[in-house]
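*Asks:* Sending over a structure as structure tokens; questions will come in a sec.
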Amino acid sequence: MDALYTAVATANGREGRAVSSDGQIDLPLGFPKAMGGDDQGTNPEQLFAAGYAACFASALGLVARQSRTDVSDVSITAEVSLGKDADGGFGLAVVLRAELPDHLQGDAGQALLEKAHATCPYSKATRGNIPVELVVE
């Protein structure tokens, strides 16, 4: 791969900080209440959800432009779940919810999401590794 951009961030655990090399991100990290924490910081799942939602929305815009479809009012919500896996460790699962206009409900919208899923770098990275569900809303 010929890298166009490389993001660099450093973290020191789930109860530390996450800082990007350019200073744009400087966040306290913490466990969510659901995992015994106090909700006093963001967590890796929230950061992954934000990144995946943004990347998928961009991929959706790209495939929509290629098919001359207007998706200017579309939003993507990523739900990233952390749970125990079959090996006794932990795993992730993702639901991507796309709020689409009326003309993209049903099969047309689902087909567009599938094209975006084939294009999105996050989707490519997770394919075969974690379940990802695509939902038209």
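Since every read-out is calculated from the coordinates, none of them should be taken as a lab result. This is a predicted model, so every value here is computed, not measured. Positions of Cβ are backbone-derived with ideal geometry, glycine not excepted, and every protein chain shown enters the neighbour counts.
*Asks:* Pick the calculated Rg/Rh (Cα atoms, Kirkwood Rh) for this structure from (1) 0.95; (2) 1.01; (3) 0.92?
*Replies:* (2)
*Asks:* Which residue fluctuates the most in the chain, going by a Gaussian network model with Cα springs under 10 Å, if the choices are 56, 48, 90?
*Replies:* 90
*Asks:* Return 103, 117 ranked ascending by Cβ neighbour count within 10 Å, so the fewest neighbours appear first. Please list the in-between numbers first.
*Replies:* Numbers: 103 10, 117 20.
In order of increasing Cβ crowding within 10 Å: 103, 117.
*Asks:* Quick one: what are the phi-derived ³J(HN,Hα) couplings along the stretch 2-18, Karplus 6.51/-1.76/1.60 with θ = phi - 60°, whole Hz, x for glycine and proline?
*Replies:* With the stated coefficients, the stretch 2-18 comes to 9, 5, 8, 7, 10, 8, 10, 9, 10, 9, 10, x, 5, 10, x, 9, 10 Hz.
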